Structure formats: C-alpha cells, structure tokens
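Take a look at the structure below.
The values are calculated or read from the model by the stated rules, or taken from the named source; none is laboratory data. The shown structure was predicted, so the numbers you read here are calculated from the model rather than taken from an experiment. Backbone-built Cβ (ideal geometry, glycine too); neighbour counts: all protein chains shown. Note: accessible area is taken over every heavy atom of the protein model, side chains too, but ligands, DNA and RNA are not part of it. Shrake-Rupley method; radii C 1.70, N 1.55, O 1.52, S 1.80 Å.
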Amino acid sequence: MQAKELREKFTQFFKDKGHSKVPSSSLVPLNDPTLLFNNAGMNQFKDYFTGKAKADNPRAVSIQKCVRAGGKHNDLENVGFTARHHTFFEMLGNFSFGDYFKKEAISFAWEFLTKELKIDKDKLYVTVHHTDQEAADIWHEQEGIPRDRIFFRGDKDNFWEMGETGPCGPCSEIFYDHGEQHSDGSDTSQCILDDESRYVEIWNLVFMQYEKYREGDEIKRNNLPRPSVDTGAGLERLSAVINGVYWNYDTDLFMPLIHKLEQLSGKKYADYSSSMRVIADHIKSATMLLTDGVIPSNDGRGYVLRRIIRRGIRHLDVLGIKETTFPKLVPIVFEILGDEYPQNSANQSLAENYLKLEEEKFRQTLSTGLDLLNKQMQELKDNKIKTLEGATAFKLYDTYGFPLDLTQTILEENELEIDEEGFNKAMQEQKQRSKQSSQFQAGEDNLKAFYQIKEKHGETEFLGYDQHEAKAKFLAKETIDGTHFLVFDRTPFYGESGGQAGDSGVILRDGKVVAKVVDTQKPVDDLIVHVCEELDESALEAKELTLQIDSNARQLTMRNHSATHLLQAALIEVLGDHIKQAGSMVSTERLRFDFTHPQAVTKEELKKVEKLVNSQILKSLPVSAENMSMEEAQNRGAMALFGEKYGDNVRVLTMGDFSMELCGGTHVKNTSDIGLMVITTETSLSSGIRRIEAMTSSGALNYLSNRSDILAQVERKLSTKAQAVVAKVDSLQQELKAKSKELKASNDKLQAQKSKDLFNDVKDLGKAFGLVTVDLGQANPKEFRSLSDKFVDQNKKDALLLLSESGGKLNYLMRTHKDNSPVDCSKVIKEAQAAIGGRGGGRKDMAQGSGEGDKSQFIQSVEDLLKEM
C-alpha cells in the first residue's frame, strides 16, 4: 500500500466515525512561543484541550507535518543510521475534545489496524500506565487481547503531560513485532517490549483525564470534568509495517529520492545506505521548512534549517556528487507528499532557489573546513597526539558548518579521536553568548478571558467591508492595566490582522461620544475587541450604541493595503515566483512589505517594480472580493500568506487579472483609488528576507513634494536648473577630488620635511644601530604607522620608538627596517611593557601596544633591551 492511499484510508476511516478533517498546521507554531517547530499533531489543538477555545466539532482527524531537530526534541544525529529516526515525519491523529474517551479511542485504533489495514493481531502488543487498570480491562474485555500481551509501565513511558501545569494523563501504546531476526539482544526479563529494535511503537493513545495546577509552591492535580483524547500514529512506521519492511526508508516515502541519488551518483543504495537515507530525510525537512517560511540564517529556526541542509550536503559529498543537487530533489519531495500539503507545493520554486544558494555556499565552506581539519590532523600526528581539541572541533562545527559526526568519522579513519567534553563546553559557551531566538518564552496574556467571551457570546459580525458606521449591542468589557476592551455583537471596526492596522474611531450614544476607540484587536479568532479610552461606563447600559470608524484613516489604510497586493504581484513579475510574503504592515502613513529574496533588489529592478505598480493603478483595475472554498481558491491560483493557517472557506481578493490573493482585509474598490505609489526604501531584514517601504495617495504626494522642495533649494544653491544638477554635482566632486589630491601632496611634502627633523636625534647604544625616540604628545596612535613608514624609507639601520599619551594611557610603536636583523621589535616590546602592565605585540620589524605606567622607565627598558641584542 502506498503512503498516499494510507493517508486517505486513515482520514476516511475517522470521517466515517464523525470526525472533521483539519488541515495540518504550519511547521512554524502559530502563537506558541514554547515550540521551535511543530512536532506533534496535538499542538494546534492546545486551546481546545486547555478549555481556552471550543471546537466546532469535538471530534477531529488530521495529518500533521512535523519536524524534530534542535531544542528538546532533536533526532538529527541519529537520522540515517537507525531504522526510524527522522527530522521530518507525518503524524496521523484522531482527537476528542471532551467527547469520547478510552473505550472509543481503543476501539477505533484496534479496528483501523486489524480490520482496515489487516495487520496480524498476533503481532500487536499494548502498554498501559501502571495505574490505569481501566484501560487494561478495555483492551482485554472489549478487544479480546490476552492479559499476557498487555504490559504496565511507569510515568516515563506511559504518562503524558503538556507542561508543568495543564492537561495530562496516562497513555496506552500499541507495539508491532518485527520478528526475532531484528532483536537487539536487550534484557527482556522485565518486559519483552524492552527489545526496542524488535518491538516498535506504532500508535500512542493519550487519555487526558487530569489537570495539573499550581497552588502556592505545590503542583496539584484534579480530574478534568470533560476528559479528552489525543492520539498519534507515525505514517512512516505504519507504512513500513503494512509493506513488510523493517526500515522506514525502504518505503515509497523515501525510495523515489534514493533511486534518484543512485542515478546521480552511480552508486548503489546497498553500499551507501546511510548517506542516501540522510539525504532523503534532510531534503524533505529542508523543503518543507523552507516552504513554510523558515529561511536559512545563523540563529533560531533558520540555524537549525541551515544545519539540516549542510549535513545533507556533506553526505552528497560522501556519494561523490559534486554538482548542485538539492534543488533537483525538491520536485520528488512533492511527488511523495502528494496533495496533502498544497500550500507547501505552491512554494516549490522558493525552496529550489534557496537550496541552490545554500548548497553552492556550503560546498565552498566544506572544502575550506576539510583543509583546516587535514592540517590539524597532520599537526597531531607530527606531535604524536591522539586527540583533537574540542575548541577546534567546535570551530569546524560553528564556523564551517561541519556536523560533529563528520569530524569524528574523519578522525576515526586516521586513528584519532575527539575531545567531546571540550566540544560540549565550547558549545555551551556559545549558547550563553548568543541567547538564540530558539530560547522561546511562554506566558499568559489574558487570552482566556477573551476565549470565554467568545464561547459565551459567539463570533463578532464584521460589517466594515461596506459600512463605516453601525448600531451594535454591547456584550462584554475587560479592563487590563487601566485600558478598556469592549466587545459588541457586530462592528464596522477592523481588528488588526494580516498586517493591517486596527481601526480607530468613536462610540456614540444618542449622538454623543461616550468612548474613544484608539485601536481594534483580534486576540481570539473572529472576536473583535475595541481598545477604548475616555469611556463613559454608564453608556454601556444602553440597548444599542453607535460605532463609527475614522473614515479618513480607513481610506488611507485601504490604499496602502491594496498597494501591497499590487507590489507583491509586481515583485513576482520582475524578480521571479520565488517571491513570497514574509510579513507586512499597512497603516494610514505607509506600507511595509517583507518578502523572500536572496539578495538586494537593484535600483533598476526597483524602478521596474514601482513603474509596474503605478501602471496597474492607472489602468483602474476593478477590485473584487469573493468567498469560496480553500480548494477552489487554490485551483484558481490565489496566493496564500507564508505559513498562515486558513479555514475551509476563504476570502479571495482580485485586482483585474494582475493580482489574486487570500485576504480578509479592507481594500479600495478600484486600483485608481490608490492614486500613486512611491517606494521609499529597500533594505535587508534578515538573511534571505528583504523589506520594501512605500507610500501611497496623499502620503506619496507629500513625500514627492518634500523632495521637490529640497531639489529647489539645491537648484538655488548651485545656481542651476534641475536637469543640470547631477552634472553640476559631478563637476564639483571632480574639482574637490583634484583639490584634495593637491592638498594631500602638499601635506605629504610638509610631513616628509618634518619627519626628517624628527628622526635626526639618534641615540648611540654602542651597537651597529641606534635608537630614535619621538614623543608625539597627545597624538592619535593611528598616525604611528604612516610616520614609521617614512622612517624606514629614510633609515635602514636604526630603530624607532614612537610614543603618545591620552587619558592616562601610554601608546607606543617600535619599528625598524625589515632587513635590520639584529633588532627584534616584538621581543623588546613584549619584555619592556611588562614594567608598565602593557599589552601588545607584533612582528620582528614592527610591534606596538599600550599600558599605564612611567614613560621614562619604559623608554629606559627599551634602551637596555636593545643594548643586550
């Protein structure tokens, strides 16, 4: 059975049991700062389990894309060398949010495995928590599993908890017996399932029946009033089982990639299995992370992605593949993943583009790192040392991107070893220094109150697409730190989302202002909250209030928002379809658009983009919005926001035949309403992410008017017309350059004359050379070098000592001609500065430093040391 069929069979089975299919959430957790990557199916349902939110259907089924690499859940170093470790994997899951519990969950799992997939019952074993006799009895009495195939285990294996506090409970795991030939020889006297190579967990059923809470310094536990179920079955493991193979990599989830690697390398899978497995796994995780909006960088998620890519490239090198390969594998990844993740496959060209850049860059680094390692190994052998220092290994890891196992393997091949303790110490020191963005912090932010308001009153009806004023019924108020948050049954106010700033305005009662709305937010999906000041609370008793937005501010915001859609479409047309929105902000004053692009946009490209946007404005394109299913929107080619999670129904915004995007924001009716767009800046936001800032309508006109005023001032000061300003400035720059050159020549001539006078006083040391000591007072030590250059040009036998003092610090430089072999400046400076607590050094012909102490004592030390030479 192919993986695609297994996905479909799992989904349909639970749909038939009353579950709703929920699409996978992004690999980048949404509003969950505790996670580096989504690594389990339940992550997107946390609010349902904790009671913060209520699901439309208390039964759900999903196929969640997951990554475990970096942070607490890190399988990276094991990938490719064990049968079941992966960085990217797919988790099949069914969930109950206070609906069914143990009996149904166990029944569903057993029926699917033994009847739908027809897995031999005699090859299945189960575990339960040592306190959960109820689950054990259900397995035996309801499903007929013999007692001797049910094993009780402790908290470590069979108790799940979300965190220090929150929902938790026992779990029951289903294991599959791969046969005695796969036994690892483990001690199974306590439990046969301790032989983890032979018996493999294929499904975990978590019974959330308790809630942990803090009371003072204690953690206590209560029974949940509505217990829930969270289950997870790894697609890769199930696929291996039903296809009768032991290694997950030997299924159609990986083999198409492995066959391609055989073709590209000319080598056989059987001979290079580990490297081919590493590459097949890593190209999947790299592709899916890139297409979910993670860009390679030197910190946080981007750093983990870069490590995955580099580890894969190293194994391409092992296969002898020297040409850029990762981009060629991306289409195969999406053939394997089928239609399950359409938002990822829509970003295919972006993944190919970034993988090409990363691979080409690391192949150069890889070569340099190998040169360094070879040099270090030769030094170890020459000095008969067996262990490479941990700091050196970490430099290879951190600077050259070498995976630790690469360094270890090469060392072992040369009968050398690594100082792992030193490596780990260097790693910890680096983590302390850089406090990466992977150090996420969780915290309560008053959302629970808003979830409760939504659960009690329902969603807010948004009227703002067509209305700027509306009558509404007051529902609830929260006051946090003196600020009032009001909720109504309906509103024309747009809550900040999708990059669009929230509306401002007023609330009226009988024509009188009773509150000033300074912002509008959406702290919970579909709940619009009005942030108010100057509130007359007695007015809230009214049956109805009038909500009125600031229409002028809304118009300006709409123009900027619509312009971002035109801007994205223009960027794609000018730069390529790897352009994806990585963030945006639209307000009354300006727009900001962040997008994926590996290098700076040139001035010529920016001109083309700006011209293209304004041409679409002049075309007066109609702007229309239409609600449709997500599937239909994707089929039409509507662009989706990077990593965003959408519901089954979406709003599609179209601007003529130039732009089509999913968007819930407010927009102009016609592109001509925008008036004009002017790009003001283009900068780098982070590695692989660029930022454009722009203005539209009156903001753009004011911007251009200000520039025109400045140009008029320049015209007056230069006594020339605008057309000739650039030529005039060029002429003045050339003239200034010529004058500067003349001035420098005069100064050099004067300095040369002065230096002759400075260097005349040569102290006789009774040697073949003498010492010229020059005290420059409070001169900047940066002048030492040029002055000493003049000395060695004029004097090839003596030594020079330059000194200056500033802020109680003595600065010094000693210099002699490079052919003056009797004098060693480095040795003299190092020994002489000890008397004044100085620091510095250099070469034999030049050394410098600084310290605090007696100047005359330092000079005397220099003279004495020179006399000894």
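Fully extending the segment from E461 to N424, taken as 0.36 nm per residue of separation minus the present Cα-Cα distance, adds 7.8 nm.
Using a cut-off of 29 Å between Cα atoms, the listed pairs K763/K830; K267/K384; K744/K767; K54/K477; K284/K454; K767/K844 include K267/K384; K744/K767; K284/K454 as exceeding that distance. The slack in the chain from V725 to Q599, taken as 0.36 nm per residue of separation less the alpha-carbon distance, amounts to 42.2 nm. Ligands, DNA and RNA left out, the accessible area of region 299-386 computed with a 1.4 Å probe is 47% carbon and sulfur. Find how many whole Å separate the alpha carbon centroid of region 246-309 from the alpha carbon centroid of region 649-701. Here the two parts' Cα centres lie 37 Å apart. Put simply, the convex hull of the Cα atoms in region 464-549 casts, on average, a shadow of 5.3 nm². Treating each Cα of region 794-869 as one equal point scatterer and applying the Debye formula with no solvent, the log10 of I(q)/I(0) at q = 0.11 Å⁻¹ comes out as -0.24.
The angle between the Cα long axis of helix 855-868 and the main principal axis of the chain comes to about 70°, on a 0 to 90 degree scale. Matching the structure-derived Cα extents along the principal axes in Å against the labelled list (1) 107, 82, 61; (2) 125, 66, 56; (3) 90, 69, 65 gives the label (1).
Of all the accessible heavy-atom surface of region 143-238, with the other protein chains kept in place and a 1.4 Å probe, what percent is carbon and sulfur? Carbon and sulfur: 37 percent of the exposed surface of region 143-238. Solvent-accessible surface of the chain, taken per residue with a 1.4 Å probe and all protein chains present: 48 Å².
Would you kindly calculate the translational diffusion coefficient of region 503-574, applying Stokes-Einstein with the Kirkwood radius from alpha carbon pairs, for 10 °C and a viscosity of 1.306 mPa s, and quote it in µm² s⁻¹ without decimals?
110 µm²/s
Sorted by average packing, counted as other Cβ atoms within 10 angstrom per residue and highest first, what order do 811-823, 82-94, 626-638 take?
For the peptides 811-823, 82-94, 626-638, the packing ranking is 82-94, 811-823, 626-638.
Computed extension gain for K844 through K156, at 0.36 nm per residue and net of the alpha carbon distance, reaches 241.3 nm. Here the Debye sum runs over all C-alpha atoms of region 125-241 as equal scatterers in vacuum, and log10 of I(q)/I(0) at q = 0.12, 0.14, 0.19 Å⁻¹ comes out as -0.50, -0.66, -1.06. Against the chain, whose longest principal axis is taken from its Cα atoms, helix 551-575 shows a tilt of about 70°.
Surface composition of region 626-708: carbon plus sulfur atoms hold 45% of the accessible area, using a 1.4 angstrom probe and ignoring ligands, DNA and RNA.
With one equal scatterer per alpha carbon and no solvent term, the Debye-computed log10 I(q)/I(0) for region 1-133 at 0.14 1/Å reads -0.80. Modelled this way, with points 7 Å down the Cα-to-C-beta line, the labels at T131 and D709 are 7.3 nm from one another. Straight distance only, please: which lysines reach the Cα of K220 with their own Cα at less than 18 Å, same-chain residues fewer than 8 apart left out? Qualifying lysines at Cα under 18 Å: K212.
A simple rule links phi to the HN-Hα coupling: the Karplus curve 6.51 cos²θ - 1.76 cosθ + 1.60 with θ = phi - 60°, which for region 133-147 gives 5, 4, 5, 4, 5, 5, 4, 6, 7, 7, 9, x, 7, x, 4 Hz, with x for Gly and Pro. Helical content alone sets the calculated 222 nm signal of the chain at -12000 deg cm²/dmol, taking -39,500 (n - 2.57) per DSSP H segment of four or more residues and averaging over every residue. For region 133-173, backbone nitrogen atoms closer than 12 Å to the point 7 Å from M1 Cα along Cα-to-C-beta are found at no residue. Each residue, E141 and E626, gets one label point 7 Å from its Cα in the Cβ direction; the gap between the two is 5.8 nm. For the pair I219 and D148, label points projected 7 Å from Cα toward Cβ lie 3.9 nm apart. On a 0 to 90 degree scale, rounded to 10, what angle separates helix 102-111 from the longest Cα axis of the chain? With both axes taken from Cα atoms, the answer is about 90 degrees.
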